[in-house]
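The values are calculated or read from the model by the stated rules, or taken from the named source; none is laboratory data. What you see is a predicted model, and the numbers here were worked out from it, not measured in a lab. Quick reminder, even Gly has a Cβ in these numbers, built from the backbone with ideal geometry, and neighbours come from all protein chains shown. Accessible surface areas use protein heavy atoms only, side chains included; no ligands, DNA or RNA. Shrake-Rupley method; radii C 1.70, N 1.55, O 1.52, S 1.80 Å.
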Amino acid sequence: MAEKIDLADKIIKTIGHLAQIRQPYEYMWDEIIDFVVHYRRGINSTSSKGLKTGERVYDTTPLQALNLLADGLHGYLVSPSIRWFGLKLPNRIEFPLTNFGNMRKWNGKRADSIPEIKQWLEDSEDVMYSDFLRSNFYETTPEYFRDGGSIGTANMYVEEDVRTGKTIYMLYHPREYYIVEGKDGSVKAVYRKFSYTLDQLVEMFGYEKMTDVDENFKTMYENNPYTETEVAHAVYPRDTYDPQKKDVKNMQWASVWIHCAKSKILRESGRTFFPHLTWRWRKNGDEWWGRSPSWDAYVEIVKNNQAEKDLMEVQQMMARPPYYATEDLRGKVKIRPKGRTWLSQSQYDRPPK
């Protein structure tokens, strides 16, 4: 038990280190979120969900441009109305001239040119397209492209729902996760810290597990099952594992869920593949986090937004200019269209004070 608690503390400490690496980017992310994708919550925002956004936006051109970019990438690259990928076997077949009879005619040709293999590949494609259609892939990818085009880094988590047999694609908000880059420049680990409701924790880990981890869980759950609490999920490569063993602790990638408040492990398992699809629009040298067209256009975005704000104020001054009236005319000046304010001769001749 002590070993597991130590692992939980280690993961929480690692998240703290990664937060320091991410911190210099967060101001720019918040600025881009405010002006380009204001419907998303800020990185360090403490406001409640569902509040009004876009109060600083006077020019919606950046958001429209981002939507055009994301919809275009989705439509041309992964649209459900087109066959956007195909399976190939580019290796060539070499048959000895004295063997295999009728197969000699395929000697030196690609394997996928054989009708039976070609048909098998097409059938496999149909199965994969069917899996994409049954999943939420096509609903998630447009926002994935928006994160890449705005923040510069997008992260999608892939897992199978055992109950339904569907593949689930979950897009993570940049405020929730931290990445670790390997020596080859690719992302090798992702640490996520976020909030789950008590009801979601029961659905995910079971009621008995939650009461074992938190002695107050029963009372809190009975009072309000939708109270939120912080959890962490770490997926990282194991330093040592035995590929000959099939248990969850001997898979190439570790998958560990942590109850942050109690610093206890909720679940420790493993994955045979890295489940995070992390995309950086453009990497700047040795930086881990990506940059995007929104970064490039930031100065222009802020300048045009300020210009639109100034223009709006000018238009308001023209449409609703300031009025001058003496104190005894309070409530009598008619400023509506064709409004007439009648003055006595004494009021008309009196010079202003």
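Please compare each pair in 309/334; 52/283; 166/218 to a cut-off of 30 Å on the Cα-Cα distance and tell me which ones are over it.
Listed pairs above 30 Å: 52/283; 166/218.
Would you calculate the separation in nanometres between label points at residue 30 and residue 268, each defined as 7 Å from the Cα along the Cα-to-beta-carbon direction?
3.7 nm
Name the most mobile residue of 328, 184, 242, meaning the one with the largest mean-square fluctuation, in a Gaussian network model of the chain with Cα contacts below 10 Å.
Answer for the Gaussian network model of the chain: 328.
Helix 61-77 versus the longest principal axis of the chain: what is the Cα-based angle in degrees, 0 to 90, to the nearest 10?
Approximately 20 degrees, to the nearest 10.
Send over the per residue convex hull volume for the chain, Cα only, as a whole number of Å³.
276 Å³
Please work out the Cα center distance from the stretch 15-48 to the stretch 174-206, rounded to the nearest Å.
Computed from Cα coordinates, the inter-centre distance equals 16 Å.
Which residue fluctuates the most in the chain, going by a Gaussian network model with Cα springs under 10 Å, if the choices are 26, 287, 208?
208
For the chain, modelled as a Gaussian network with Cα springs under 10 Å, which listed residue fluctuates most, 49, 338, 283?
338
Counting only the backbone N, which residues of the stretch 233-256 are under 13 Å from the spot 7 Å out from the Cα of residue 162 toward its beta-carbon?
Only 248 fall inside the zone, counting backbone N under 13 Å.
Quick one: pull the percentage of alpha-carbon pairs in the stretch 225-353 with a separation above 22 Å.
72 percent
Carbon and sulfur together cover what percent of the accessible area of the stretch 228-284 at a 1.4 Å probe radius?
Of the solvent-accessible surface of the stretch 228-284, carbon and sulfur hold 48 percent.
If Lys and Arg each add +1 and Asp and Glu each add -1, what is the summed charge of the other residues whose beta carbon sits under 13 Å from the beta carbon of residue 218?
After counting each charged neighbour, the total is -4.
Of 240, 206, 324, which is farthest along the charge dipole of the stretch 184-326 in the positive direction, counting Lys and Arg as +1 and Asp and Glu as -1 at C-beta?
240
Nearest 10 degrees is fine. How inclined is helix 298-319 to the longest principal axis of the chain, computing both from alpha carbons?
30 degrees
Nearest 10 degrees is fine. How inclined is helix 137-150 to the longest principal axis of the chain, computing both from alpha carbons?
60 degrees
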